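This report concerns only the one structure given below.
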Amino acid sequence: MPNQMTEMLKGTLEGIVLAMLADGPAYGYEITTRLQERGFTDLVEGTVYALLVRIEQRGFADVEKVPSEKGPPRKVFTLNPRGREQLAEFLEAWSFLSQRIDAVIADPGVNASSTTTTNPTDTTTTKEH
């Protein structure tokens, strides 16, 4: 189970952190602590810091160095308009996937081959199998 959880988290952690930044500016340790308080107890700071570097490099957050009472200045991340767009895309994709996963779990025997849906990450319309 831990390996499966790790793989699933890899695909969603960026969206989770962007959602946290949508609530307001935060720095790495603060984000890690908030995630751990929400049940992500195995998450380590290094994972969050590496992700924050990628978020910054991809232009999803603005970064400001703020003096710290203890040690070097903290990098405070603030979600910017590009990051809000990325978060909106993540939430749309998450909703699309979670609805379908929930439907399969609720009734795995349903034949959906005649149902047509649009995938938010793809502009084509496909039939589900």
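Points to keep in mind about this one:
- Eligible aspartates and glutamates near Lys10 by straight Cα distance, threshold 15 Å, same-chain separation 8 or greater: Asp42, Glu45
- Label point distance in nm, Val44-Asp23, each placed 7 Å from Cα along Cα→Cβ: 2.5 nm
Values quoted throughout were computed directly from the atomic coordinates according to the rules given, and no laboratory measurement underlies them. Small disclaimer: the values here were computed from a predicted structure and weren't measured. Every residue, glycine as well, gets a Cβ built from its backbone with ideal geometry; the counts of neighbours run over all protein chains shown.
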